[in-house]
Amino acid sequence: MQAFKDSRALQLIAALTVLLALVLAHLFLRGYYLEQQSARQNERVEVYRSSLFATLSRHDYLPGVLSKNDALFEKAFEQPEQASAVLESVRSASQADFIYIMAADGTTIASSNWDHEESFVGENYGFRPYFSRAVEQGSGDFFGIGATTRIAGYFVSARYPETGPVKAVTAVKVNSSTLDKNWKGSEAEVFVSDKNGIVILSSSPKWRYKSLRPITQQQREEIRKQRQFGNETLAPLGLKESGEGQLLVTIQNTQYLQTTADIGKMGWELHYLVPYSVVQSQLVSFWSKAIIIALMAIAALLLIRMINAHNALRDSQGESSKLRELNRSLEHEIIERKQVEAALRKAETDLRRTSKLTAMGQLSASITHELGQPLSAMRTYIASLGAHSSQETQDKTLGKLTSLVERMISITQQLRYFARSGDKEIRRVNLRDTIQGALNSTQPAIQAANVTLDIQQSDKPVNVLAGSVRMEQVLVNLIRNALDAMQENPPEKPRHLLIHLSTEQNQAVLTVEDSGPGISEEAQKMLYEPFYSTKPSGIGMGLGLAISTNIIAELEGSLSAENRPQGGARFIVRVPLLESD
Ligand code: ADP
């Protein structure tokens, strides 16, 4: 909740900062545009000012020049029509609007428009300041609405003669329309105010003869006397300065940027006004461009984010599809492995079955061979036992038959011995008991073979996990093999059998050593192969060591054989000791 509030506050601060930055940027821009506009206006106002000044000054020389022409004035007094014609020709050449000559009392005696309906001839303009100033100062100028024509204009005048008593005054008038004719149609409003603050020239006719500031009674009286503005009421224009220093003014509810310049004649001032909306539209144009750029940037960012998200999604889809693919191939591999395992197990079972069959085949071949020989001998002997045979022969033959039967019994005993499965139950067996058990059954044979027996073992029990009968079978087989081997010893060679029981680390070690001929090189290689035997038929079947090796291997032990350095063989049985002991 706190975090949420914090993030809300942060968002608010960020929004306010952005807003402040925007307002500051706006103000800065507005100032910048205003400054630019002001500089532009200053240039423009100077153009207007100098052009107006030039137009106004263009005819300033004319009354003075005319006043030097005595002949003209002589004509004006004596043949005014001729003088008027001269004035008209001068007017047309100088492009002034009116030229006229007044007598010393102000009555017009000659005029360029003498032949027009509104001829000035006969009219008295003694009340006009340009007349009085010319009389008093030699020359004068004035702006006002024509007393006769009702057309506003600029008047310049000069007295005649230049010195001495005034006889006449010459005046030149330029219509105001000549002065401000080019002002219309510009983007700006241009007007000129006189020393009283009255608009005398303007690009907007409706602003003409409006006052910029209140007119005093005295000013009004003077204006009235001079008949400067005819019947115009000189109502206020309604110009308000908006207080922002120089520029901003409001005229009739429209804001303008105003630049003014002193024309340098009669206290006139030129006003150049451009609607403030020009700056506003510049600002609007800037901000709309900025907003469009910002929107485009946001759109571009969004687009980039979308593309990135799309790519990430595609990548992750690609990755997950790769993973799915991997998974599928793994599953496939597992299935294949299972199939291979099953095939292997089957092959193993098959192999076991086949080797069993092979073993059985070999066994039966062996048995057939072992028993076949005595049997065929017996058939021969029995066949020879005819009625004609003597008692002695019969006894001999019976004796041979008996020994053959005994041999067969011994063979079958051997087979039975190995066929006996024994107890397969694994339990704790003390190997000292195993030795005792094995000696019980082999003691007579040991004695018969004239073999000395040596048993080396500690008093402590040596316990292993095994089947007790099968363990005994192994030891009996090793003792019998030893006895068989020593059978071949020459009479002088001692026959010695050593049974040794010890422990080595976690193993029980049972060795059976004899003083026989040792194991031949060939026998070393074939020792554990089933049906390998070097003994004569009927004595050995070559199964003893093969079976013993299996029995010991099942107990996770080992059966190995070596020749003793002093002669004779040593068979070593190693079986893991029972851990609990
Ligand atoms: P068998 O005793 O029926 O021949 P075994 O598998 O027990 O079968 O023995 C295989 C062969 O190993 C014997 O024929 C013999 O050549 C050799 N052998 C076994 N024990 C000894 C021994 N103590 N000394 C010499 N050779 C031996």
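The values are calculated or read from the model by the stated rules, or taken from the named source; none is laboratory data. As the structure is a prediction and not an experimental result, all values here were calculated from the model. All Cβ positions, glycine included, derive from the backbone under ideal geometry; neighbour counts span all protein chains shown.
Considering only residues that are within 13 Å of the ligand (Cβ to nearest atom) and either under 18 Å from residue 466 (Cβ atoms) or of a type in the set (Val, Ile, Thr) (or both), look in region 490-512 and name the one that is surrounded by the most Cβ atoms within 10 Å (Cβ to Cβ). Of everything passing the filter in region 490-512, 512 is surrounded by the most Cβ atoms within 10 Å (Cβ to Cβ). With a requirement of 1 or more residues that are within 21 Å of residue 153 (Cα to Cα), the strands (runs of 3 or more DSSP E) lying completely within region 211-291 that satisfy it span 254-262, 269-275.
For region 226-265, filtering for residues that are without any contact (Cβ under 8 Å) to a residue 40 or more places away in the chain and of a type in the set (Gly, Ala, Ser) leaves 5.
Any chance you could count how many residues in region 540-554 are near the ligand (Cβ under 7 Å from one of its atoms) and among the β-branched types (Val, Ile, Thr)?
0
For region 513-526, state whether one or more residues are within 8 Å of the ligand (Cβ to nearest atom), charged (D, E, K, R), surrounded by 14 or more Cβ atoms within 10 Å (Cβ to Cβ) and part of a strand (DSSP E or B). Yes, region 513-526 contains a residue that is within 8 Å of the ligand (Cβ to nearest atom), charged (D, E, K, R), surrounded by 14 or more Cβ atoms within 10 Å (Cβ to Cβ) and part of a strand (DSSP E or B).
The set of residues from region 196-219 being farther than 14 Å from residue 180 by Cβ and free of Cβ contacts under 8 Å to residues at least 12 places away in the same chain comprises 216, 217, 218. When residue 191 is tested against (1) more than 23 Å from residue 131 (Cβ to Cβ); (2) part of a loop (DSSP other than H, G, I, E, B), just one condition goes unmet, and that condition is (2). Sort through 551, 572 and tell me the only one that's of a type outside the set (Phe, Trp, Tyr), touching a Lys or Arg at 6+ places or on another chain (Cβ under 7 Å) and touching a residue at least 24 places away in the same chain (Cβ under 8 Å). Answer to the check: 551.
Here 404, 371 are screened, and the one residue that is within 16 Å of the ligand (Cβ to nearest atom) and either modelled with pLDDT of 75 or more or closer than 30 Å to residue 465 by Cα (or both) is 371. If only residues of region 47-70 that are farther than 15 Å from residue 154 by Cβ and free of Cβ contacts under 8 Å to residues at least 24 places away in the same chain are counted, the one that is surrounded by the most Cβ atoms within 10 Å (Cβ to Cβ) is 69. The residues of region 116-145 that are surrounded by fewer than 22 Cβ atoms within 10 Å (Cβ to Cβ) and small (Gly, Ala, Ser), listed by number, are 119, 122, 126, 132, 138, 139. Residue-level check: of (1) in a loop (DSSP other than H, G, I, E, B); (2) touching a residue at least 12 places away in the same chain (Cβ under 8 Å), residue 492 misses just (2). If you go through region 447-466 and keep only what is in contact with a helix residue (DSSP H, G or I) (Cβ under 8 Å, 6 or more places away or on another chain) and either over 24 Å from residue 574 (Cα atoms) or assigned to a loop (DSSP other than H, G, I, E, B) (or both), you end up with 449, 451, 461, 462. If I ask for residues that are part of a strand (DSSP E or B), more than 12 Å from residue 576 (Cα to Cα) and not acidic (Asp, Glu), which ones from region 550-564 would you list? Of everything in region 550-564, those that are part of a strand (DSSP E or B), more than 12 Å from residue 576 (Cα to Cα) and not acidic (Asp, Glu) turn out to be 559, 560, 561, 563. Could you tell me whether any residue of region 474-489 is closer than 22 Å to residue 458 by Cα, within 8 Å of the ligand (Cβ to nearest atom) and among the aliphatic types (A, V, I, L, M)? Checking region 474-489: at least one residue is closer than 22 Å to residue 458 by Cα, within 8 Å of the ligand (Cβ to nearest atom) and among the aliphatic types (A, V, I, L, M). Which condition number does residue 27 fail, the rest of (1) free of Cβ contacts under 8 Å to residues at least 40 places away in the same chain; (2) crowded, with 20+ Cβ neighbours inside 10 Å; (3) closer than 29 Å to residue 257 by Cα being met? Here residue 27 meets the rest and fails (2).
Scanning region 149-168 for residues that are under 8 Å from residue 67 (Cβ atoms) and modelled with pLDDT under 90 yields a single hit, 162. Any residue that is near the ligand (Cβ under 9 Å from one of its atoms), modelled with pLDDT under 85 and touching a Leu at 6+ places or on another chain (Cβ under 7 Å) - is there at least one of those in region 563-575? No, there is no match, as no residue in region 563-575 is near the ligand (Cβ under 9 Å from one of its atoms), modelled with pLDDT under 85 and touching a Leu at 6+ places or on another chain (Cβ under 7 Å). Pairs linking a residue in region 520-536 that is closer than 16 Å to residue 480 by Cβ to a residue that is charged (D, E, K, R) and near the ligand (Cβ under 9 Å from one of its atoms), with Cβ atoms under 7 Å and 6 or more positions apart or on different chains, are 535/484. With the condition kept exactly as written, say whether any residue in region 39-46 is touching a strand residue (DSSP E or B) at 6+ places or on another chain (Cβ under 7 Å), surrounded by fewer than 16 Cβ atoms within 10 Å (Cβ to Cβ) and touching a residue at least 12 places away in the same chain (Cβ under 8 Å). Yes, that holds for at least one residue.
Does residue 146 satisfy the criteria of being touching a strand residue (DSSP E or B) at 6+ places or on another chain (Cβ under 8 Å), at positive phi and of a type outside the set (S, T, N, Q)? Taking the combined requirement at face value, the residue does not satisfy it.
In this structure, is residue 476 assigned to a helix (DSSP H, G or I) and either basic (Lys, Arg) or under 22 Å from residue 507 (Cβ atoms) (or both)? For residue 476, the condition - assigned to a helix (DSSP H, G or I) and either basic (Lys, Arg) or under 22 Å from residue 507 (Cβ atoms) (or both) - is met. What's the number of the only condition in (1) surrounded by fewer than 21 Cβ atoms within 10 Å (Cβ to Cβ); (2) farther than 24 Å from residue 278 by Cα that residue 172 fails to meet? Residue 172 satisfies all of (1) surrounded by fewer than 21 Cβ atoms within 10 Å (Cβ to Cβ); (2) farther than 24 Å from residue 278 by Cα except (1).
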